[in-house]
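The structure under discussion appears below in the form of structure tokens.
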Amino acid sequence: MSAPRLEIDLTKIQHNAGILVKRLKKRGISVSAITKSVLGSQEVANCFIRAGIKSLGDSRISNIEKMRHGQIKASMSLIRSPMLSQVDKVVAYADMSFNTELAVIRKLSIAAQKTRHRRGVVLMVELGDLREGIMPDDMESVVQSTLGLPGIILKGIGTNLACRSGVSPDNINMSKLSDLADSLESKFGVKFDIVSGGNSANLDWAMGSTDLGRVNNLRLGESILLGLETLNRRPIEGLHTDAFKLVVEVIESKIKPSQPWGKIAQNAFGEQMLFKDQGNISQAILAIGRQDIDPNGIRPPAGIKIIGSSSDHLIVQSEANDLAVGTEVVFQPNYSALMHAMTSPFVNKVM
Ligand SMILES: *Cc1c(COP(=O)(O)O)cnc(C)c1O
């Protein structure tokens, strides 16, 4: 098989998804599976559906378009606020979008009225992580305006934490979300279907809190795919953490000095490198680079250490000096490396 390749174990992904769905169902929480890190892969989306998931979410409308064309049978949400320039596509392909700007919702309303279907909107609330979200005090006026727009159904509210700033979901910010849901519903005489508490970083809270309030949905990507909770990257009990493997091939293997020689300036990426003298080492080059992966996001097997990288080369040191040219080395990608590898056309995807 040709390298580099990302080997994707669909059985393990389905197992992970099924377990999380079951555990959260007992807590009254539905799972929306997030497909952005696998670029809206139809195979992975179908895995989620076989695991009992009814709703998918992606940050890119082109991934949703791809899943639609692949006849994926699920409700689909655009989880990043739509670009104004894309509202027609959003209305054409997504059942729902997560929104924070009235200007966008107004355009969605205009686009939706040209079709026969109303489009769902979930309003995102800012609760401290300082990524997307309407400030809580502004929610009332945004809800009022949204309710007045033809072609739009206000499905509910949601929030996203632990992404930009690492703000952890807890009883304080989650009850703020629930309180907002209650007060907006009573103020406007509506009922929200969805109160979406967050992403994989919410799992510990959702499994452990004695009061989940109104939260009835989580949007899960990394926890399903990599089997990790994402506040501390601990493995989740009963889940596979190795559904993805990155297989890379050795193209040079030599004994070389551990230190460069000559006058040292910046490297190709503007970095000033530091080297420790260890005498001669066994150095190998693998045919993958920063164009394809995040070199800080892949874990090598025991006895192999990543000591450098450039656009097309990954340089490793091998204790056992056993990396002959042609040898395949298997790495464990984290979420960042997974996303890069999925996006690179140079990395084969093997399901
Ligand atoms: C990416 C994303 C998610 C999923 O996050 P994971 O940490 O992979 O579970 C959920 N919600 C939003 C808005 C996102 O952008």
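The values are calculated or read from the model by the stated rules, or taken from the named source; none is laboratory data. These figures come from a predicted structure and were not determined experimentally. No Cβ is skipped: glycine too gets one built from the backbone with ideal geometry, and neighbour counts run over all protein chains shown. Side chains included, ligands, DNA and RNA excluded: accessible areas come from the protein's heavy atoms. Shrake-Rupley method; radii C 1.70, N 1.55, O 1.52, S 1.80 Å.
Which order do 163, 47 take by accessible area at a 1.4 Å probe, largest first? Show your work: numbers first, answer last.
Details: 163 70, 47 0 Å².
Descending order: 163, 47.
Using the scaling law 2.2 N^0.38 Å as the reference, what is the normalised Cα Rg of the stretch 242-292? Each step should come with its number before you reach the end.
Details: Rg = 14.3 Å, N = 51, 2.2 N^0.38 = 9.8 Å.
Against the compact-globule rule of thumb, the ratio is 1.46.
Express in nm, to one decimal, how much length is gained between residue 7 and residue 321 on full extension, taking 0.36 nm for each residue of separation and deducting their alpha carbon distance. Mind dumping the intermediate values first?
Values: separation 314, 0.36 × 314 = 113.04 nm, distance 2.55 nm.
Difference between extended and current length: 110.5 nm.
Could you pull out the chymotrypsin sites (Phe, Trp or Tyr not before Pro) across the stretch 235-290 that fall in loop regions by DSSP (anything but H, G, I, E, B) with no more than 16 other Cβ atoms inside 10 Å? Each step should come with its number before you reach the end.
On the way: sites: 244, 261, 269, 275; in loops: 261, 269, 275.
Here the sparse-neighbourhood loop sites are 261, 269, 275.
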- [ ] Taking the chain as the reference, fit the longest principal axis to its C-alpha atoms, fit the long axis of helix 102-113 to the helix C-alpha atoms, and give the angle between the two in degrees, 0 to 90, nearest 10.
- [x] 70
Open item on the list: Suppose only helical runs count, i.e. DSSP H with n ≥ 4. What mean residue ellipticity at 222 nm does that imply for the chain under -39500 (n - 2.57) per run, divided by all residues and rounded to the nearest 500 deg cm²/dmol?
Closed with: -8500 deg cm²/dmol
- [ ] Name the residues whose placed amide hydrogens come within less than 5 Å of the amide hydrogen of residue 198, ignoring near sequence neighbours (fewer than 5 apart) on the same chain.
- [x] 159, 219
- [ ] Quickly work out the residue 183-to-residue 275 label distance, labels modelled 7 Å from Cα along the C-beta direction, and quote it in nm with one decimal.
- [x] 6.2
Task: Low-density loop positions, trypsin sites (Lys or Arg not before Pro), the stretch 214-244 - DSSP coil, at most 15 other Cβ in 10 Å - done: 233
- [ ] Using θ = phi - 60° and the Karplus relation 6.51 cos²θ - 1.76 cosθ + 1.60, list the HN-Hα couplings for the stretch 117-123 in order, rounded to whole Hz, with x at every Gly or Pro.
- [x] 10, 7, 10, x, 10, 10, 8
TODO: For the chain, build the convex hull from the C-alpha positions and give me its volume per residue in Å³.
DONE: 155
Task: Within a Gaussian network of the chain (alpha carbon springs, distance under 10 Å), most fluctuating of 190, 330, 247 - done: 190
Open item on the list: Assuming 0.36 nm per residue, please report the length gained on full extension of the stretch residue 73 to residue 263 beyond their Cα-Cα distance.
Closed with: 62.4 nm
Open item on the list: In Å and on Cα atoms, what radius of gyration and Dmax does the stretch 1-40 show?
Closed with: 13.8, 45
Task: Nonlocal Lys pairs with alpha-carbon distance under 26 Å, the stretch 180-327 (8 or more apart, or different chains) - done: 10
- [ ] Can you tell me how much longer the chain between residue 147 and residue 193 gets when fully stretched, taken as 0.36 nm per residue apart minus their C-alpha distance, in nm with one decimal?
- [x] 15.1 nm
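Suppose all protein chains stay in the model; what accessible area per residue would a 1.4 Å probe give for the stretch 190-294, in Å²? Present the calculation step by step, with values, prior to reporting the outcome.
Numbers: 5250 Å² over 105 residues.
The answer is 50 Å² per residue.
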Task: Where the Cα pairs of the stretch 46-189 fall when distances are cut into 5 Å bins, in % - done: 2, 10, 19, 20, 19, 16, 11, 4, 0
Task: Area accessible to solvent at residue 100, 1.4 Å probe radius, in Å² - done: 30
TODO: Rank these by accessible area, largest first, 1.4 Å probe: 240, 69.
DONE: 69, 240
Task: Angstrom value of the Kirkwood radius, inverse mean 1/r, which spans all Cα pairs in the stretch 119-250 - done: 16.0
Task: Mean accessible surface per residue for the stretch 1-160, computed with a 1.4 Å probe while every protein chain stays in place, in Å² - done: 44
- [ ] Report the accessible area of residue 192, computed with a 1.4 Å probe over the heavy atoms of all protein chains in place, in Å² rounded to the nearest 10.
- [x] 10
Task: Whole-Hz ³J(HN,Hα) from phi, Karplus 6.51 cos²θ - 1.76 cosθ + 1.60, for the stretch 28-39, glycine and proline x - done: x, 10, 8, 10, 9, 8, 9, 9, 5, 6, 10, 6
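If you average 1/r over every pair of different alpha-carbon atoms in the stretch 18-68 and take one over that average, what Kirkwood value in Å do you get? Don't skip to the answer; put the middle values down first.
On the way: mean 1/r = 0.0893 Å⁻¹.
Over the stretch 18-68, the inverse of the mean reciprocal pair distance is 11.2 Å.
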Task: For the stretch 1-93: span of alpha carbons on each principal axis (Å, largest first) - done: 45, 38, 21
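Over the Cα atoms of the stretch 166-236, Rg to Rh with Kirkwood Rh, two decimal places?
Details: Rg = 13.3 Å, Rh = 12.9 Å.
Reported Rg/Rh (Cα atoms, Kirkwood Rh): 1.03.
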- [ ] Starting from the Cα of residue 237, step 7 Å along the direction of its Cβ; do the same at residue 207; then give the gap between the two resulting points in nm.
- [x] 0.7
Open item on the list: Given a 1.4 angstrom probe, I'd like the percentage of the accessible area of the chain that is carbon and sulfur, rounded to a whole number.
Closed with: 50
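Between residue 287 and residue 85, what's the calculated FRET efficiency when r is the beta-carbon distance and R0 is 45 Å? Round to 0.05. Don't skip to the answer; put the middle values down first.
Numbers: r = 38 Å, r/R0 = 0.84.
Calculated transfer efficiency: 0.75.
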Open item on the list: Can you tally the net charge around residue 289? Count Lys and Arg as +1, Asp and Glu as -1, for every other residue whose Cβ sits under 14 Å from the Cβ of residue 289.
Closed with: -4
- [ ] Would you kindly derive the ³J(HN,Hα) couplings of the stretch 182-191 from the backbone phi angles with the Karplus curve 6.51 cos²θ - 1.76 cosθ + 1.60 (θ = phi - 60°), listing them in order in whole Hz, with x for Gly and Pro?
- [x] 4, 6, 5, 4, 6, 4, 9, x, 10, 10
Open item on the list: Report the rotationally averaged projected area of the stretch 119-175 based on its alpha-carbon convex hull, in square nanometres.
Closed with: 4.1
